[in-house]
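First up is the structure itself, then whatever we jot down about it.
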Amino acid sequence: MSGSALTTDMIMVLCLVGFTMLMFTWERLRPDVTALLVLVALGLSGLVPGDQLFDGFAGNAVISVLATMVLGAGLDRAGALHRLSGFLLRVSNGVERRLILTTSAVAGAFSAFMQNPAVTALFLPVASRLSSRTGVPVARMLFPIAACVMMGGGLSMVGNSPLILLNDLLVAANRNLPSGVATLDSLSMFAPLPVGIALLALGLIYFGLLGRRFFGRAEDKSVAPGRTESYFARTYGIEGDVFELTVTSESPLVGMSVAEAEAQASAPLLLALKTGNESRLAPPGDSMIWVGSVLGVMGRREQVTDFSQNNLLRMSSRLRNFGDLFNPSRAGISEAVVPPNSTLIGKTSTELQLRKRFGISLLAINRGEEVFRDEVRSAAIKPGDLLVFHSIWRDLTLASERRDFVVVTDYPKEEQRPHKLAHALLIFAGAILLSLSGHIPVPVALMTGVVAMLIAGVINMDEAYASIQWKTIFVMACLIPLGWAMESSGAAAFIAAEIFDRFGQLPHWLLQLIIGILTTLFGLVVSNVGATVIMVPMAINLAISHGDAPIPYALIVALCASNNLISVSNPVLAMVSGPGNYRGRDLFRVGAPLSLLYILVVIGVVNLMY
């Protein structure tokens, strides 16, 4: 039925699609570099006019994603999540199943208005706090929360990147619709709400019935200051007490740097240094040790004793100099997970200079079944790594503001602006109501909320900049023109016609099932944004060829693009895998059946809606 041949433009576009899929899978280049390379190729080849090439950066989708990131950071600054953990404890009354399902449902509701990775980052410490207070293993909480965050993204058109992107792709498709086909209208804010409710209900029922079967023997990996000693000793071999070692004039450490001292065989953890009247936790590696310097070290008594004798140091178990620094209410050990957009990725502890820049000591790295202790300074950090820190809590809070890691440990900290909570909630609700009015475009309404939070002092401009995941923004903005090229070159129509020739006699729901499965598979390879950009034009053309309304097909694509419940290529799963101690087989065993049910629910509810 296609009757048309591949043109040069079609071949070039399809080659770029194949290149994108290959590079996203191979990871030879970073995803944002690949996306930029594709954007430049589109411009140089003339597939997208030069005066339109960078329009994606100013597109409604990009602005909406950016605004939701800042609004979420404002809620976090105002202490909304701190209040939420107390509410969840009261509602669940300490009952495990009720606690898990309630927390997952609330996380899913939050994801209707915030980006999924941002919601996950906010709920990691909430889950840790709830786990430490109730004794429910955090592994039994995190996967249900993560799954419901992804499913709750279908509650609104700003819940995840594919849905935000969908309206822009529908507008672009109108430029190339065949004559006689009605113009495609943009979807309203809560157009996918019935599907989102059904998906969220699916997740809650799935884990409510089978949660204990999946994670019945889950090890408790939650961390709170009251249980750190046994936890870190069991998990990382970080154990012992804190001692003070005074450097004598005969000590061979005199004139050495801290890095040289801790590089000695069987050296304990060197956590603090006092020289003269200055005491410092997490001293930089280039700090010098002199006569009279005091070292604050942690280790087993025998290990510290041997180190002290070998280096002619005076050992004391009484903390005369560091008592205040090592007070558990002020400092301690914590865990933090590395998100996929972190600037730490690919760098070693030595290169990052965490102690000099942030006052944080990196003690260990937990990567799947591997734990790096002795070689921690030379190990390059990867996405999903669980980093073990020792620091002053205030320094940890300041360092975490850069969003390069998400602290999992529930540690003592003051909420930054709890007096702004009412302002934050009112502004957030106002922005959503403004979006629903229909008189103001969604990105304008959301950005109005951002400006209001800035003026009200809920968040300042530097914090707003820091809250934006620029890698996500950049990948989306660069790939949007690829979707335009798929449409304008005729490549989408050609592939749709080829599919129709082979499957055109199938019922529409079976065609939609094929589209849903293909989109899910593409999402595993080229991210949810890439899958949406590639599949929406094809789905629209396939629907037209089959004589069906295009909107349901396009909506199925946008929803199924985020159906990645089995791979750490999903940023949400990458963030919970370390704290939850999940392995690849765990994700597949739990996520694969849920992914199939996800597709069936999406198709079923969309067909009931249209």
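The values are calculated or read from the model by the stated rules, or taken from the named source; none is laboratory data. All values reported here derive from a predicted model rather than from experimental measurement. Here the Cβ is made from the backbone with ideal geometry for all residues, glycine too, and neighbour counts use every protein chain on show.
Just a few scattered comments:
- Check on LEU446, in a helix (DSSP H, G or I) and not β-branched (Val, Ile, Thr): yes
- Residue check, PHE428 within 23 Å of the chain's Cα centre (by Cα), touching a residue at least 12 places away in the same chain (Cβ under 8 Å) and within 30 Å of ILE515 (Cα to Cα): no
- For first residues located in region 585-603 and within 11 Å of LEU573 (Cβ to Cβ) and among the aliphatic types (A, V, I, L, M), partners that are crowded, with 19+ Cβ neighbours inside 10 Å and modelled with pLDDT under 95 and lie 6+ apart or on another chain with Cβ distances below 7 Å form the pairs LEU587/ILE566; LEU587/LEU573; VAL590/PHE143.
- Criterion (closer than 30 Å to ALA531 by Cα, surrounded by 23 or more Cβ atoms within 10 Å (Cβ to Cβ) and polar (S, T, N, Q)) met by exactly one of SER161, SER186, SER131: SER161
- Residues (in contact with a helix residue (DSSP H, G or I) (Cβ under 6 Å, 6 or more places away or on another chain), part of a loop (DSSP other than H, G, I, E, B) and farther than 27 Å from PRO31 by Cβ) located in region 449-478: VAL458, ILE459
- Of the candidates LEU101, LEU47, the single residue that is more than 30 Å from ALA445 (Cα to Cα) and touching a Gly at 6+ places or on another chain (Cβ under 6 Å) is LEU101.
- Scanning region 44-60 for residues that are small (Gly, Ala, Ser) and within 24 Å of the chain's Cα centre (by Cα) gives GLY56, ALA58, GLY59.
- Selected residue [at negative phi and outside any helix (DSSP H, G or I)] from LEU506, LEU559: LEU506
- For region 85-130, the set of residues classified as modelled with pLDDT of 80 or more, of a type in the set (Ser, Thr, Tyr) and under 17 Å from GLY211 (Cα atoms) consists of THR102, THR103, SER104, listed by residue number.
- Filter result for ASP501 (of a type in the set (D, E, K, R) and not in a helix (DSSP H, G or I)): no
- Every condition in (1) buried (at least 24 other Cβ atoms within 10 Å of the Cβ); (2) under 28 Å from the mean Cα position of the chain (by Cα); (3) assigned to a helix (DSSP H, G or I) is met by ILE540 except one, and the failing one is (2).
- Count of residues meeting criterion [under 18 Å from ALA78 (Cα atoms), in contact with a Leu (Cβ under 8 Å, 6 or more places away or on another chain) and not polar (S, T, N, Q)] in region 447-494: 6
- Any pair with Cβ under 9 angstrom, 6 or more apart, that starts in region 480-501 at a residue that is in contact (Cβ under 8 Å) with a residue 12 or more places away in the chain and ends at one that is among the aromatic types (Phe, Trp, Tyr): ILE480/PHE57; PRO481/PHE54
- Consider region 171-183 and keep the residues that are of a type outside the set (Val, Ile, Thr) and assigned to a loop (DSSP other than H, G, I, E, B). The one that is surrounded by the fewest Cβ atoms within 10 Å (Cβ to Cβ) is SER179.
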